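Written below as structure tokens is the structure these notes are about.
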Amino acid sequence: MTGELKTLRIVMVWALVTSSVLVMILLQASKIVLDYASMGRVGLTLALLAGTAIVCRKRGFIKSSLIMEALAGGIAFSVLVLISTYLAISLDAPLADDSLAAMDRAMGFDGAAFIHLVDGVPWLSWALMHAYASFAMQLLVLPMLLILFGKPSRAFALVLAYAFVGFVSSLISIWFPALGTHVVYAIDPASLKSINPYFGHAFLAQFDAVREQSEFFLSLNSAEGILTFPSVHAAVAFLCAASAFSVRWLRYPFLGLNLLMGTATVTHSNHYLIDVFAGLGLAAVSLYAISNLARKPLAGQVRAFELGSGHGAG
């Protein structure tokens, strides 16, 4: 196990602990009441993954152990990021749609026209929809593939970069809550011939409720992605494409898939073009920051981490 990988594993553990404590503190100070019963499956899944990781490592199945660790970290961060998005939007700042739409116009981009253009190409609409829906699956599958192909550091960097993107996006979105393009451009779902309007409208009930209700009950069973600026989907498209690029067999499939996912944020979801650019920029910064951090081994912490887990590097 390389020093880079050891560092990333330690950073992931500390980031999980720190972000969990911070999110819980913020929840207590907010109007959001978390439905802990809806967390049951996630908690059980994390416990099973952690237990399997320990067993695999003790038996010498290092790759299997790393896969379990990366999956557990990704799932835990996803839940924490989701809660942080609701915390951000619950602050009920003024809607930023006018500013975001104005930035699109300043770039000469007509979002409504682009949506209708893609809507006229059924096969493209179908491909974009499925690419957009691959968000969660990519974050689960790609770390596993990277580890299996001998790139575990890339896998853990991807998980950490995703967490960085999610938390920073939540912070930024405090000042940029938005209804999104499908609503602002008055695109009637019934008028769309081939674009599935679900992603452009499904989040609205949760978005409005967490802003307007004096007490909001957050359940994982009904939660939706409610951020607009920056686009987390666009950021993850960049992260996945960049992370897969070091493996020849993964490079072009993931590049093609994520070019489609990045495009779909504008056509099938509620994003302005400026949201996409902001997401891409944030993703690039996150990968750069995590990569630099990984090159600075935390010698003392590494040794303590290994002793505390009761095994060597393997």
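The values are calculated or read from the model by the stated rules, or taken from the named source; none is laboratory data. Quick caveat: nothing in here was measured; it's all calculated off a predicted structure. Here the Cβ is made from the backbone with ideal geometry for all residues, glycine too, and neighbour counts use every protein chain on show. Ligands, DNA and RNA are excluded from the accessible area calculation, which covers all protein heavy atoms including side chains. Shrake-Rupley method; radii C 1.70, N 1.55, O 1.52, S 1.80 Å.
Estimated from the Cβ-Cβ distance and a Förster radius of 41 angstrom, the FRET efficiency linking Thr18 and Leu95 is about 0.85.
Axis of helix 62-89 versus longest Cα principal axis of the chain: the two differ by about 40°, to the nearest ten degrees.
Could you tell me whether the stretch 107-175 comes out rounded, prolate or oblate from its Cα gyration tensor? Rule is a ≥ b ≥ c as square roots of the eigenvalues, rounded for a/c under 1.5, then prolate if a/b exceeds b/c, otherwise oblate. Taking the square roots of the gyration eigenvalues as a ≥ b ≥ c, the stretch 107-175 is oblate.
Computed from the C-beta positions of Tyr36 and Phe149, the FRET efficiency with R₀ = 35 Å rounds to 0.40. Taking the accessible area of the stretch 26-80, probe 1.4 Å, and keeping the other protein chains in place, the carbon and sulfur fraction comes to 68%.
Excluding ligands, DNA and RNA, what is the solvent-accessible area per residue of the chain at a probe of 1.4 Å, expressed in Å²?
46 Å²
Between Ala289 and Trp249, what length comes free when the chain is fully extended (0.36 nm per residue of separation minus the Cα-Cα distance, one decimal in nm)?
Extra length from Ala289 to Trp249 when fully extended: 11.8 nm.
By a 1.4 Å probe calculation restricted to protein chains, Asp98 has an accessible surface near 130 Å², given to the nearest 10.
Going by the alpha-carbon gyration tensor, a ≥ b ≥ c the square roots of its eigenvalues, is the stretch 56-177 rounded (a/c under 1.5) or, if a/c is not under 1.5, prolate (a/b greater than b/c) versus oblate? Oblate. Each other residue within a Cβ distance under 14 Å of Gly51 adds +1 if Lys or Arg and -1 if Asp or Glu, for a net charge of +2.
The phi torsions of the stretch 118-132, fed into the Karplus equation with coefficients 6.51, -1.76 and 1.60 and a -60° offset, translate into couplings of 5, 4, x, 10, x, 5, 6, 4, 5, 5, 5, 4, 5, 5, 4 Hz, rounded to whole numbers, with Gly and Pro shown as x.
When the charge dipole of the stretch 53-127 is built from unit charges on Cβ atoms (+1 for Lys and Arg, -1 for Asp and Glu) and taken about the Cα centre, the candidate among Gly120, Gly108, Ile62 whose Cα reaches farthest toward its positive end is Ile62.
Looking at the P(r) of the stretch 1-109, how many percent of alpha-carbon pairs lie beyond 21 Å? Everything past 21 Å amounts to 54 percent. Under 5 Å between amide hydrogens, built in the peptide plane, is the criterion, and for Tyr272 it picks out Thr181 among residues at least 5 positions away or on other chains.
The portion of the accessible surface of the stretch 226-298 made up by carbon and sulfur, rounded to a whole percent, is 74 (1.4 Å probe; DNA, RNA and ligands excluded).
Other residues whose C-beta falls under 13 angstrom from the C-beta of Ser243 contribute a net charge of +3, scoring Lys and Arg +1 and Asp and Glu -1. Which angle from 0 to 90°, rounded to the nearest 10, does the C-alpha axis of helix 299-309 make with the longest principal axis of the chain? Value to nearest ten degrees: 80. Sequentially through the stretch 174-187, phi angles give Karplus couplings (6.51, -1.76, 1.60; θ = phi - 60°) of 3, 9, 9, x, 8, 6, x, 5, 4, 7, 5, 7, 6, 8 Hz, Gly and Pro residues having no value and appearing as x. Taking a label point 7 Å from the Cα of Leu44 along the Cα→Cβ vector, which residues of the stretch 195-220 have an amide N closer than 19 Å to it? Residues passing the 19 Å test: 219-220. Helix 248-267 axis versus longest C-alpha principal axis of the chain: approximately 30°, rounded to the nearest ten.
The amide H of Phe216, built 1.01 Å from its N in the peptide plane, has Ile32, Val33 as neighbours under 5 Å, considering only residues 5 or more places off or on other chains.
Find the lysine pairs in the chain meeting two conditions, Cα atoms under 26 Å apart and a separation of 8 or more places or different chains, and report how many there are. The partial results should precede the final answer.
Working: Lys6/Lys58; Lys6/Lys63; Lys6/Lys151; Lys6/Lys296; Lys58/Lys151; Lys63/Lys151; Lys63/Lys296; Lys151/Lys296.
For the chain, the number of qualifying lysine pairs is 8.
With contacts taken as Cα pairs under 8 Å at a separation of at least 6 residues, the stretch 159-299 carries a relative contact order of 35 percent. Checking (1) 1.03; (2) 1.10; (3) 1.24 against the coordinates, the calculated Cα Rg over 2.2 N^0.38 Å falls under label (1). Listed values for the stretch 93-102 are Karplus-derived 3J(HN,Hα) couplings in whole Hz (6.51 cos²θ - 1.76 cosθ + 1.60, θ = phi - 60°), namely 5, x, 4, 9, 4, 4, 5, 5, 5, 5, and x replaces Gly and Pro.
Summary value for the chain: 28 percent relative contact order, contacts being C-alpha pairs under 8 angstrom separated by 6+ residues. Using a ≥ b ≥ c from the Cα gyration tensor of the stretch 105-146 (square roots of the eigenvalues), is it rounded, prolate or oblate, where a/c under 1.5 gives rounded and otherwise the larger of a/b and b/c decides, a/b for prolate? Oblate shape, in that a/c is at least 1.5 and b/c is the bigger or equal ratio.
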